[in-house]
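Worksheet for the structure shown next.
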Amino acid sequence: TGSFTKNGSGSVEIDRDDTAFTGNTAVMAGALSVDGSLANSSVSVSSDATLSGTGTVGSTIIELGGTLSPAGSNNVGTLNINGNLNMVKGTTLSANGTGQLTGSTLIVNNKSYQQLNSDLVEVYGSAILSGGTVNFQVTDGVSLKYGQVYRLVSTANGVTGRYDALVTNLKNNYTFISPSLVYTGNDVDLLLQRNNTSFSSVGDT
């Protein structure tokens, strides 16, 4: 019991099974990487602090200025949240994607898409999104093609709210469709959707 507080600008890694710890975890500064399990510890992430890893944490709140980064920078993996996720306005979901197909097919708005490998936040409860930014980066040379999708957040009990913005280096060769976030009942996906470029704006005759 008790509490665990991460201070200082450095990084702390949890890589073993710590499910016996039931106190609260506070990431006040720097980074906490959980590749093991803090499944029974509620986690809060303060301004300029980061929670990352491919393990499991308890219910998590990302506070103003905080960052959630599954697998960590330049890696791809899934961070599991054994409870609810709450991201307030001014937070960041930092995720990476590849051009590799997972072999899975996802249904988004009644249409079938091929899933590409990317970071994922797997939430066993619900996700409350009160704003924030998705910073999604892909390796050089990757272009998202029509009919492909990245799944960024998946929940068991639903997604409430939305992110404010999408920042990405994802390039594509299409004039009339652009990468955008799509919200369904339980998931947040990134796929190509029709943009605001009109057909007439590019016509010469």
Which order do the peptides 164-175, 123-134 come out in when sorted by mean C-beta neighbours inside 10 angstrom, highest first? 123-134, 164-175
Could you rank the peptides 1-11, 21-31, 89-99 by their average count of other C-beta atoms within 10 Å per residue, with the highest value first? 89-99, 21-31, 1-11
Using only alpha carbon pairs under 8 Å that are at least six residues apart, calculate the relative contact order of the range 162-205 and give it in whole percent. 31 percent
Pairs of Cα atoms farther than 24 Å apart, the range 52-205, %: 30 percent
Carbon + sulfur, % of accessible area of the chain - ligands and nucleic acids excluded, 1.4 Å: 44 percent
Between the modelled labels at residue 146 and residue 15 (7 Å from Cα along Cα→Cβ) the distance in nm is 4.6 nm
Please give the FRET efficiency for residue 28 paired with residue 128, using the beta carbon to beta carbon distance and R0 = 25 Å, rounded to the nearest 0.05. 0.70
Mean accessible surface per residue for the chain, computed with a 1.4 Å probe while every protein chain stays in place, in Å²: 47 Å²
Express as a percent, rounded to the nearest 5, the fraction of DSSP beta bridges in the range 1-92 (both residues included) that run antiparallel. 0 percent
If packing is taken as the mean number of other Cβ atoms within 10 Å per residue, what is the order of 193-201, 110-118, highest first? 110-118, 193-201
Within the chain, the percent of DSSP beta bridges that are antiparallel, given to the nearest 5, stands at 25 percent
Give me the number: length gained by fully extending residue 47 to residue 102, i.e. 0.36 nm times residue separation minus the C-alpha to C-alpha distance, one decimal in nm. 16.4 nm
Find out how many positive minus negative residues lie around residue 92, taking Lys and Arg as positive, Asp and Glu as negative, among other residues whose Cβ is under 15 Å from that of residue 92. -2
So if I take the alpha carbon set of the range 43-105, get Rg, then get Rh from the Kirkwood formula, what is the Rg over Rh ratio? 1.01
FRET efficiency, 1/(1 + (r/R0)^6) with R0 45 Å, evaluated for residue 205 and residue 164 via beta carbons: 0.65
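The values are calculated or read from the model by the stated rules, or taken from the named source; none is laboratory data. Quick caveat: nothing in here was measured; it's all calculated off a predicted structure. So basically every Cβ, Gly included, is an ideal-geometry build from the backbone, and we count neighbours across all protein chains shown. These area figures cover heavy atoms from the full protein model, side chains too; ligands, DNA and RNA do not enter into them. Shrake-Rupley method; radii C 1.70, N 1.55, O 1.52, S 1.80 Å.
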